[in-house]
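Here is the structure we will look at.
The values are calculated or read from the model by the stated rules, or taken from the named source; none is laboratory data. The structure presented is a predicted model; accordingly, all values stated were derived computationally and were not measured. Neighbour counts are summed over all protein chains in view; Cβ atoms, including those assigned to glycine, are modelled from backbone coordinates with ideal geometry.
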Amino acid sequence: MRFYSLNNQNFKVSFKEAVIAGIAPDRGLYFPEKISPLSPAFFQAKETNDPHQTAFEAIHQFVNEDIPDAVLKEIIANTLDFGFPVVELEENVATLELFHGPTMAFKDVGARFMANCLGYFSQNQKEEVTVLVATSGDTGGAVANGFLGVEGVKVVILYPSGKVSEIQEKQLTTLGQNIEALEVTGSFDDCQNMVKTAFLDSDITEHRKLTSANSINVARWLPQLFYFLFAYEQVKSKGKKVVFSVPSGNFGNICAGMVAQKLGMPVGHFIASTNVNNVVPKFMEKGTYEPMASIATISNAMDVGDPSNFVRIRHLYQNDFVALQKNLSSYSFSDLTTQEAMKQVHTNTGYVMDPHGAVGYLGLKEYQKKHPDTYGIFLETAHPVKFLDVVEDTLGISPEIPPQIQKVMGKEKKSIKIASYAELKSLLLES
Ligand SMILES: *Cc1c(COP(=O)(O)O)cnc(C)c1O
């Protein structure tokens, strides 16, 4: 399988090259040159399949020349050693819990898969690869955890000082080993801009091999299709049209779901649910894409004003707006509405949603007003304790802290404070 740059489809590279580079030299996102549907039997089989086998068959075509089957199976087993339960909350409304991994966010899946691939590609290489990543919260922890101890790979994480939750900060600053946390005086956008500048700075790129671990990297983006397949598997016997509502920020997760659909998974519709960062809901209404400066909300992992993966979605539909509208609806919700939904669901069912999941719930309910005949699944993208302040303020309860979080809370934070690009540059040029 080759991957082309979305800026120039004649520029093609292997999976391995796409993973190591992250982004094409012309700044285009990589995209698979072909998505071949799996056999209908793959989706119809009655007995519950082995999830590792399902994942293997789904991802195989994208990586097959670059990773031997036995290694790919091992990578999948390392990535998916936790569950992805679908929990029904109301009639025709269920949530897919994606928070049972080591850092309790769905990003564990992509981060671990990518770390394992890069670890494999780095074997017997002289030059170390540096993963440079900016985080507004969850990415950092998942990436740090996924790459911890991977030989030949160093990870440098930039996060905005004082703007991530205490749990998130501990998850990315307490691991040590090959993980370095840089605490930036500034906003997430400042962190992201520093990372982008570093990738374009030949002083740095001539000195070290840099790659990104954001969802633009195909090894982080594509494995996210696994759990859409697992969810479908769990609800297909209902015999209803299945729709997915995905709380979206950079739109990598929902785009992976659309790839699962291209593989032949029967999905009725996708719903992209956002907070007030509503570039995509507006696009779906008017057909014009107008990026904006991001607005801070309680679902802060989705505070994105120019979603990087949306070009992939448009490309999947060959930029045919009408075709896209048939398969995708998008709605935006305020913090107040989100908190009301958290309260209402907690009162009615006892279920505690995190603010991101709650946005997904709202989008699903909005869609089902006009399409009541569907079975809706919204993605719970993080465990509610990762957004403890919001959950406590909104619901007046203190959820129990799970053991994998407790473990990091007692550890000592280690970070290097930086305030400018020059400081980042000199750190990257050292050693
Ligand atoms: C990253 C993240 C999202 C957004 O996912 P995208 O793939 O960027 O759309 C949603 N919820 C949580 C909790 C996240 O960490």
Considering region 253-285 alone, what residues qualify as being within 13 Å of the ligand (Cβ to nearest atom) and farther than 20 Å from Val322 by Cα? Asn253, Ala256, Thr274, Asn275, Asn277
Working carefully through the options Leu148, Leu229, Leu210, Leu158, find the one that is among the aliphatic types (A, V, I, L, M) and in contact with a Phe, Trp or Tyr (Cβ under 7 Å, 6 or more places away or on another chain). Leu210
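Does any residue of region 223-239 turn out to be farther than 23 Å from Phe99 by Cα and not small (Gly, Ala, Ser)?
Looking through region 223-239, at least one residue is farther than 23 Å from Phe99 by Cα and not small (Gly, Ala, Ser).
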Taking first residues from region 415-431 that are farther than 17 Å from Asp189 by Cα and second residues anywhere that are surrounded by 12 or more Cβ atoms within 10 Å (Cβ to Cβ) and basic (Lys, Arg), the pairs with Cβ under 8 Å that are 6 or more apart or on different chains are Leu428/Arg208
Which of the helices (runs of 4 or more DSSP H) contained wholly in region 305-370 include at least 3 residues that are more than 16 Å from the ligand (Cβ to nearest atom)? 321-327, 335-349, 355-370
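Looking at Val86, Val143, Val156, Val133, which one is of a type outside the set (Ser, Thr, Tyr), in contact with a Lys or Arg (Cβ under 9 Å, 6 or more places away or on another chain) and at pLDDT 90 or above? Steps first, answer last, please.
Values: Val86 fails: in contact with a Lys or Arg (Cβ under 9 Å, 6 or more places away or on another chain); Val156 fails: in contact with a Lys or Arg (Cβ under 9 Å, 6 or more places away or on another chain); Val133 fails: in contact with a Lys or Arg (Cβ under 9 Å, 6 or more places away or on another chain).
The unique qualifying residue is Val143.
For every residue, the table says whether it meets (1) buried (at least 23 other Cβ atoms within 10 Å of the Cβ); (2) aromatic (Phe, Trp, Tyr).
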{"position": "Phe82", "(1), (2)": "no, yes"}
{"position": "Asn116", "(1), (2)": "yes, no"}
{"position": "Val131", "(1), (2)": "yes, no"}
{"position": "Glu169", "(1), (2)": "no, no"}
{"position": "Asn178", "(1), (2)": "no, no"}
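Consider Val150 carefully, then state whether it is at pLDDT below 95, out of contact with any Cys (no Cβ under 6 Å at 6 or more places or on another chain) and within 16 Å of the ligand (Cβ to nearest atom). Give the derivation first.
On the way: at pLDDT below 95: yes; out of contact with any Cys (no Cβ under 6 Å at 6 or more places or on another chain): yes; within 16 Å of the ligand (Cβ to nearest atom): no.
Considered against the rule, which asks whether it is at pLDDT below 95, out of contact with any Cys (no Cβ under 6 Å at 6 or more places or on another chain) and within 16 Å of the ligand (Cβ to nearest atom), Val150 comes out as no.
Could you tell me whether any residue of region 204-214 is among the small types (Gly, Ala, Ser) and under 19 Å from Gly137 (Cα atoms)? Give the steps one after another, and end with the answer.
Just the residues of region 204-214 that are among the small types (Gly, Ala, Ser), to begin with: 212-213.
Adding the requirement that they be under 19 Å from Gly137 (Cα atoms) leaves 212-213.
Within region 204-214, one or more residues are among the small types (Gly, Ala, Ser) and under 19 Å from Gly137 (Cα atoms).
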